[in-house]
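**Student:** Next up is a structure, given as structure tokens.
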Protein chains: 2
Amino acid sequence: MSLRWALIALLTGRPMTGYDISKSFSTSVAHVWHAPDSQIYPELNRMEREGLLTSVEVPWGKKGTKKEYHVTDEGLTEFREWMESPLVPQRQRDPAYLKAAYFDFADPAAVREQLRQQRAYWEEHLAMLERTRASLVDRSHPTLAARIEKLDEREADLAVRYKIYAYDGLIARARTELAWIDDGFTLVDELDGR
Amino acid sequence: MSLRWALIALLTGRPMTGYDISKSFSTSVAHVWHAPDSQIYPELNRMEREGLLTSVEVPWGKKGTKKEYHVTDEGLTEFREWMESPLVPQRQRDPAYLKAAYFDFADPAAVREQLRQQRAYWEEHLAMLERTRASLVDRSHPTLAARIEKLDEREADLAVRYKIYAYDGLIARARTELAWIDDGFTLVDELDGR
DNA sequence: GCCAACTCACTATATCCATAGCTAGTTTGT
DNA sequence: ACAAACTAGCTATGGATATAGTGAGTTGGC
């Protein structure tokens with residue numbers, strides 16, 4: 001259900017076609033809420049039917065047309081309502097922790113390999129988050145830039161600061177994961193007698 | 001798909017009925033992999049059909065019987081294979097971060113209320129994790145106790161240490177969330193001019 | 001003797017989500 | 001002139017997950 005709010009969040013920046021959304025999703029909202037095309041297109045249709053979005057046919061090339069989605073006042077109102085409604089806490093569902101709790105069933109070499117893979121993944125993820133954070137700070141991030149154009153300086157500052165705040169949280173989380181993985185290497189060395 | 005491995009993990013401790021599983025789930029594996037009854041019962045059936053589990057009918061009271069599930073050798077083999085197979089990294093999908101990135105759409109009072117709720121949730125969650133960690137350290141945790149009974153001291157040590165390691169990760173994660181929430185209070189005070 | 005609380009084992013329904021495609025038009029490079 | 005790469009907008013399928021039940025047997029307290 002958060003998908004629709006992620007879509008509205010994205011469309012507050014600028015009106016977009018389904019294709020634009022599916023592309024820019026991966027460089028912005030997807031860092032907090034990933035979704036594949038097969039969810040995005042049907043959800044856009046549903047939201048239009050429910051009046052949260054309207055669409056405008058825009059010509060594309062000589063013959064083609066594309067559908068540009070705009071957030072309606074109703075959509076914005078419901079988005080604000082969601083923003084202020086209580087959060088449903090997420091259940092834990094992380095295979096990495098499930099595996100870690102039962103590492104004694106794997107041999108130490110396999111455990112080290114797991115840890116190496118996780119470390120590589122989180123390092124890459126962290127680097128991406130830091131790049132994105134930097135593009136928010138200098139306001140070069142395309143989705144953000146489009147959005148703050150329409151705002152005055154005070155509003156723009158709010159929008160930017162909260163986005164940086166969200167990324168700071170993601171970055172702290174990634175660093176915590178990396179520290180935990182490093183503790184894992186230490187532990188397996190100790191238990192394996194090195 | 002991780003559900004079946006969570007179930008095998010639990011059943012390596014001791015054979016259990018579906019009901020036992022659904023109950024003890026919440027105090028152990030659910031901390032890393034939550035699942036409702038409606039997933040557990042069908043999955044147990046499927047696993048039995050596929051030969052990962054066998055079941056024994058056990059009398060219950062005067063007339064009733066219950067079904068006790070045991071992990072088969074095949075189940076244990078597949079569990080070990082999963083343990084050593086590469087992890088599929090999880091996509092981000094966290095409404096708390098989605099909201100935080102767009103806090104500028106909510107008024108500061110609503111933002112503070114959100115943060116208070118999250119703080120309360122994570123504090124409680126952290127306390128629970130620390131209680132569970134303590135029960136692992138002194139080996140009083142029922143699921144763990146049942147499991148290490150059958151093991152020699154070295155194997156028991158491995159099982160206990162890795163479980164503590166997993167909880168240390170969850171605890172570090174919870175502390176990171178709490179620190180982030182506190183940063184949120186500071187930020188909203190600053191932006192709201194207090 | 002009866003009720004409440006608990007044990008046991010499910011099911012029904014609907015939505016969410018992932019994987020993996022498809023078709024057709026457009027632009028760019030050679 | 002043609003192919004490759006890209007833009008556009010989907011769909012089909014199957015499995016995962018949440019919410020919310022059902023109903024029957026058992027135990028313990030008063």
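The values are calculated or read from the model by the stated rules, or taken from the named source; none is laboratory data. These figures come from a predicted structure and were not determined experimentally. Heads up, the Cβs are rebuilt from the backbone with ideal geometry, glycines too, and the neighbour counts pull from every protein chain shown. In case anyone asks, the SASA skips ligands and DNA or RNA and just uses the protein heavy atoms, side chains included. Shrake-Rupley method; radii C 1.70, N 1.55, O 1.52, S 1.80 Å.
**Student:** What is the calculated FRET efficiency for B:ASP192 to A:MET128, with r their C-beta to C-beta distance and R₀ = 41 Å, to the nearest 0.05?
**Tutor:** Numbers: r = 31 Å, r/R0 = 0.76.
Computed FRET efficiency for B:ASP192 and A:MET128: 0.85.
**Student:** Run the quick spin-label model on B:SER85 and A:GLN92: label points 7 Å from Cα toward the beta carbon, then report their separation in nm to one decimal.
**Tutor:** About 2.3 nm, to one decimal.
**Student:** Across peptide B:69-81, how many C-beta atoms of other chains are within 10 Å of each residue C-beta, on average?
**Tutor:** Values: counts 0, 0, 0, 0, 0, 0, 0, 1, 0, 0, 3, 5, 1.
Mean shielding by partner chains, rounded to a whole number: 1.
**Student:** When we measure straight from the Cα of A:LYS150, which aspartates and glutamates land under 15 angstrom away, once same-chain ones fewer than 8 places off are left out?
**Tutor:** Filter leaves B:ASP104.
**Student:** Here's a follow-up. Out of residues 5 or more away from A:THR17 or on other chains, whose amide H comes under 5 Å of its own, with H placed 1.01 Å from N in the peptide plane?
**Tutor:** Amide H neighbours of A:THR17, under 5 Å, 5+ apart: A:TYR69.
**Student:** HN-Hα J couplings of region B:148-153 from phi, Karplus 6.51/-1.76/1.60, θ = phi - 60°, integer Hz, Gly and Pro as x?
**Tutor:** Going residue by residue, I get 6, 3, 7, 10, 7, 4 Hz, with x marking Gly and Pro.
**Student:** Sorted from largest down, give the three principal axis spans of the alpha carbons of region B:95-191, whole angstrom values.
**Tutor:** Largest to smallest, the principal-axis extents are 58, 19, 16 Å.
**Student:** Only four residue types carry charge here, +1 at the Cβ of Lys and Arg and -1 at the Cβ of Asp and Glu. Report the dipole size of chain A about the Cα centre in Debye, rounded to the nearest 20.
**Tutor:** Details: 27 positive and 32 negative charges, 131 e Å.
With Lys and Arg at +1 and Asp and Glu at -1, about 620 debye.
**Student:** When the gyration tensor of the protein assembly as shown is built from Cα positions, what are the square roots of 5 times its three eigenvalues, in whole Å, from largest to smallest?
**Tutor:** Details: eigenvalues 375, 122, 83 Å².
Working through the eigenvalues yields semi-axes of 43, 25, 20 Å.
**Student:** Rounded to the nearest 20 debye, what is the charge dipole size of the protein assembly as shown about its Cα centre when +1 sits on each Lys and Arg Cβ and -1 on each Asp and Glu Cβ? The partial results should precede the final answer.
**Tutor:** Values: 54 positive and 64 negative charges, 154 e Å.
The dipole magnitude comes to about 740 debye.
**Student:** Would you kindly work out, in nm and rounded to one decimal, the distances from the label point of A:LYS150 to those of the same position in each other copy, ordered shortest first, with label points 7 Å along Cα-to-Cβ?
**Tutor:** Nearest first, the other copies' label points are 6.2 nm away.
**Student:** So what's the back-of-envelope 222 nm ellipticity for the protein assembly as shown, counting only DSSP H runs of four-plus at -39500 (n - 2.57) apiece and dividing by all residues, rounded to 500?
**Tutor:** Values: 16 runs with 255 residues, N = 388.
Value at 222 nm, helices only: -22000 deg cm²/dmol.
**Student:** Could you tell me what % of all Cα pairs in chain A have separations over 22 Å?
**Tutor:** Values: 11145 of 18721 pairs.
Cα-Cα pairs of chain A separated by over 22 Å account for 60 percent.
**Student:** Now, a different point. Which residue is it, in chain B, whose C-beta lies closest to the B-to-A rotation axis, and what is that distance in whole Å?
**Tutor:** So the chain B residue sitting closest to the axis is B:THR176, 2.
**Student:** Mind ranking A:ARG175, A:ARG14, A:ARG147 by accessible surface for me, highest first, 1.4 Å probe?
**Tutor:** Working: A:ARG175 125, A:ARG14 100, A:ARG147 20 Å².
Descending order: A:ARG175, A:ARG14, A:ARG147.
**Student:** Label points 7 Å out from Cα along the Cβ direction at A:TYR19 and B:ARG139: separation in nm?
**Tutor:** 6.5
**Student:** Of A:LYS23/A:LYS66; A:LYS99/B:LYS67; A:LYS99/B:LYS99, which pairs sit farther than 23 Å apart, going by alpha carbon to alpha carbon? Mind dumping the intermediate values first?
**Tutor:** Details: A:LYS23/A:LYS66 15 Å; A:LYS99/B:LYS67 27 Å; A:LYS99/B:LYS99 30 Å.
A:LYS99/B:LYS67; A:LYS99/B:LYS99, as the Cα separations exceed 23 Å there.
**Student:** Next up: Along Cα→Cβ, 7 Å out, is where each label goes; now give me the distance between the ones at A:VAL58 and B:ASP183 in nm to one decimal.
**Tutor:** The modelled label-to-label distance comes out at 3.5 nm.
**Student:** List the distances, in nm and shortest first, from the label point of B:ASP37 to the matching label points in every other copy, placing each point 7 Å from Cα along the Cα-to-Cβ direction.
**Tutor:** Ordered by distance, the counterparts are at 4.2 nm.
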